[in-house]
Amino acid sequence: MNFVRLNEILNEHYGNLHWWPAETPEEVVIGAILTQNTSWRNVEKAIENLKKIGIRNLSQIVNGDQEKIREAIKPSGFYNQKTARLISVSRAIQSAGGIDSLRKMDDASLSHFLSSLKGVGKETEESIMIYALGRKKFVVDKYTMRIFSRTGIIQSETILPTELKNEIENRMSLEELNNFHGALVNLGKDFCKTKPVCVQCPVRNECNYAKDFTLP
Ligand code: SF4
């Protein structure tokens with residue numbers, strides 16, 4: 001299987017997921033930090049709690065009551081660390097002129113700026129680039145690596161060849177990249193879990209893992 005075929009199957013199964021689930025670009029930034037090392041369900045609870053205390057954007061994070069923020073984001077785990085990250089990243093973006101100023105940066109400058117922020121790794125950086133700022137990035141997370149490896153798109157769950165990532169970003173439109181990542185997250189949560197549920201998975205007929213280990 002290749003990524004084009006996988007994307008076709010996922011499109012047929014999930015349709016347009018309107019990924020990332022956020023109301024504004026600033027909410028994407030907040031969600032991208034909160035989702036580190038936890039599931040999206042926990043992030044949803046944390047964001048809902050933040051909204052209940054009136055926090056929906058980066059300025060409100062910077063100027064908000066730190067204790068209340070810490071309490072609100074508890075469902076996302078690592079809440080002391082994430083409170084500090086939320087505040088420092090929000091402050092840095094505000095100091096740079098806010099989301100609108102980031103929008104004016106070219107991809108290289110934007111990547112350099114985001115990657116220089118403490119607590120912003122590659123996945124967080126690229127999530128912000130595509131979902132908050134509309135740049136063509138293929139966000140690679142643990143679900144992507146697991147699914148690509150099991151289906152046979154890549155050989156090892158730990159290495160995504162740069163050429164493949166570049167090819168995906170070059171061949172897919174922004175909209176396709178948006179949805180492909182969302183669909184992979186959904187497939188990983190619904191079927192391709194640590195212990196995969198291959199018999200119900202939409203990819204089962206073309207997946208190496210299913211052919212080798214589970215299906216007759
Ligand atoms: S068939 Fe199984 S291993 Fe393959 S993608 Fe689906 S759940 Fe994962």
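Which helices (runs of 4 or more DSSP H) sit wholly inside the range 89-158 and have at least 2 residues that are in the same structural domain as N63 (by TED's automatic domain parsing) and touching a helix residue (DSSP H, G or I) at 6+ places or on another chain (Cβ under 8 Å)? Outline the logic, then answer.
Working: elements: 99-104, 107-115, 122-127, 142-151.
So the answer is 99-104, 107-115, 122-127.
Please enumerate the residues belonging to the range 26-59 that are of a type in the set (S, T, N, Q) and either assigned to a loop (DSSP other than H, G, I, E, B) or within 19 Å of G98 (Cβ to Cβ) (or both). Residues satisfying the conditions are T35, Q36, N37, T38, S39, N57, S59.
Using the structure shown, decide if R171 is within 9 Å of the ligand (Cβ to nearest atom) and within 26 Å of N16 (Cβ to Cβ). Here the answer is no, as R171 does not meet what is asked.
Within the range 1-36, the set of residues being farther than 30 Å from I87 by Cβ and open to solvent by 30 Å² or more (accessible area, probe 1.4 Å) comprises M1, N2, V4, R5, E8, N11, E12, H13, Y14, N16, L17.
Could you tell me which residue of the range 75-101 is surrounded by the fewest Cβ atoms within 10 Å (Cβ to Cβ), considering only residues that are touching a residue at least 40 places away in the same chain (Cβ under 8 Å) and within 14 Å of Q60 (Cβ to Cβ)? The selected residue is G98. Residues in the range 197-216 that are open to solvent by 30 Å² or more (accessible area, probe 1.4 Å), within 9 Å of the ligand (Cβ to nearest atom) and in a loop (DSSP other than H, G, I, E, B): V197, P202, L215. Got at least one residue in the range 113-126 being away from the ligand (no atom under 16 Å from the Cβ), hydroxyl-bearing (S, T, Y) and open to solvent by less than 40 Å² (accessible area, probe 1.4 Å)? Within the range 113-126, one or more residues are away from the ligand (no atom under 16 Å from the Cβ), hydroxyl-bearing (S, T, Y) and open to solvent by less than 40 Å² (accessible area, probe 1.4 Å).
As a summary of the residue check, I153 satisfies the conditions (1) within 11 Å of the ligand (Cβ to nearest atom); (2) aliphatic (A, V, I, L, M); (3) touching a Phe, Trp or Tyr at 6+ places or on another chain (Cβ under 6 Å); (4) closer than 23 Å to P21 by Cβ except for the one numbered (4).
Can you give me the number of residues within the range 174-195 that are within 15 Å of the ligand (Cβ to nearest atom), open to solvent by 30 Å² or more (accessible area, probe 1.4 Å) and assigned to a helix (DSSP H, G or I)?
2
The values are calculated or read from the model by the stated rules, or taken from the named source; none is laboratory data. Source: prediction; values computed, not measured. Reconstructed Cβ throughout: ideal geometry from the backbone, glycine too, with neighbour counts over all protein chains shown. Side chains are part of the model used for accessible areas, which takes the heavy atoms of the whole protein and leaves out ligands, DNA and RNA. Shrake-Rupley method; radii C 1.70, N 1.55, O 1.52, S 1.80 Å.
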